[in-house]
Structures are given as C-alpha cells and as structure tokens.
1. Mind pulling the per residue volume of the convex hull built on the Cα atoms of the stretch 1-101? Å³ is fine.
2. Taking only the C-alpha atoms, wrap a convex hull around the chain and report its volume per residue in Å³ as a whole number.
3. Under a crude label model (7 Å from the Cα following the beta-carbon direction), how far is residue 104 from residue 162 in nanometres?
4. With runs of 4+ DSSP H residues as the only contributors, calculate the mean residue ellipticity of the chain at 222 nm using -39,500 (n - 2.57) per run, divided by the residue total and rounded to the nearest 500.
5. Using the Kirkwood formula over every pair of different C-alpha atoms, what hydrodynamic radius in Å results for the stretch 49-90?
6. Over the chain, calculate the relative contact order: mean separation of alpha carbon pairs under 8 Å at least 6 apart, over the residue count, as a percent.
7. Subtracting the Cα-Cα distance from 0.36 nm times the residue separation, let me have the gained length for residue 183 to residue 58 in nm, one decimal.
C-alpha cells in the first residue's frame, strides 16, 4: 500500500505545476525517509527536515503548515520543550485528492486503490431506491449496488445538505458516525465520487 500511495502522489503531482510538484516531491521524500507506516507517526525536527530538503528552517515551517492545511499531515501531538511535534498521515485526504490521476497509472492500479466489495453475507439486505436528483443520489445508488451492507449501515443515514460547484456537503447523524466513516470508508466513497466528477465534504 505504501508504494501505491507514493505512486498516486507522484502521478498526481506530475500533472500539476512546478510549485505543486516541488511540494509533492518534498512530501514524498519526507514520507520515504522518516514516516513510520506501522505506527502512523512522523516525528522529525525542523532542522533535520531542512537538511533533508536542502532548505532553511523557515521554508520547512511554511511547507509543514501547507501540508497540515491541505490535510496531508495530521497533527497528533504539538511540539513542546525538548520534544518535536508528532504527525500522522491524512491518508483519506491524500487518496481523495489524487484519485483523479489513478487512471493515468493504469486500470490495475485503480482496481487496487478501490477495494472490491466484500462477499455478501447470508443475511439478505433489501435495497431501497435512493430518492432525489443530482450527484448524491446517483453516488449513493452506486454504493448501494456495489455494497448493500456498507450502504445500509453508513451511507443511507447521510444527508446531502448542499451540492454546489461539484462539491457534496454531507451531514452525518453523529460525531461517531462521521469519525468512523472518515476513518474506514471515506477514501472509497471519495474515490467513487471522483470518478463521477465531484468531491465530498463531510460535515459532523
């Protein structure tokens, strides 16, 4: 998976301008050199990152702020006296933002990045038609057709509160629901949305 994430970032960056490419290259280099994939932690000081990137610490501070704002890095523990900050990888955000370039790598790559629906359980799930018009009902119907269990438990309770400029703003019924969906299923949902030509913003 780690190599697929790096390939997704690299392919997506190659289609962008030189500023985006440089930021993505720095991010990929940082992940490859210092990110712990098993524990989802990045604990590297600004001085060491500056040396890795061949820049000054001021540039590191600015770039790390951009990575946090973009959602690529998630602050787990702020820096304190004698201790550097600890970051995690915003995997769902990275996958959602790079999904538009997956097809540039190849259909096998797309198939790997969008996990197949699990085998149906013996329990029968009765599908109900998704009502309404616009992109959200079509996207929800696609999830319902591919994975009725996922749809019934996590997608059906979502409410589309706004659909503007190809961005779907969805409200979850609870903070737990939103958190679980974001952690376990949002990357798949966002990838399907990208294939449909829209993006998703989850509102707790």
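Readers should treat all values here as calculations from the given coordinates under stated rules, not as data from a laboratory. Being a predicted model, the structure only gives us computed values, none of them experimental. FYI the Cβ positions are ideal-geometry reconstructions off the backbone, even for glycines, and counts take in every protein chain you see.
1. Given the Cα convex hull of the stretch 1-101, per-residue volume reads 96 Å³.
2. Cα convex hull per residue, to the nearest whole number: 145 Å³.
3. 3.0 nm
4. -15000 deg cm²/dmol
5. Answer for the stretch 49-90: a Kirkwood hydrodynamic radius of 10.9 Å.
6. Relative CO of the chain lands at 16 percent.
7. 41.8 nm
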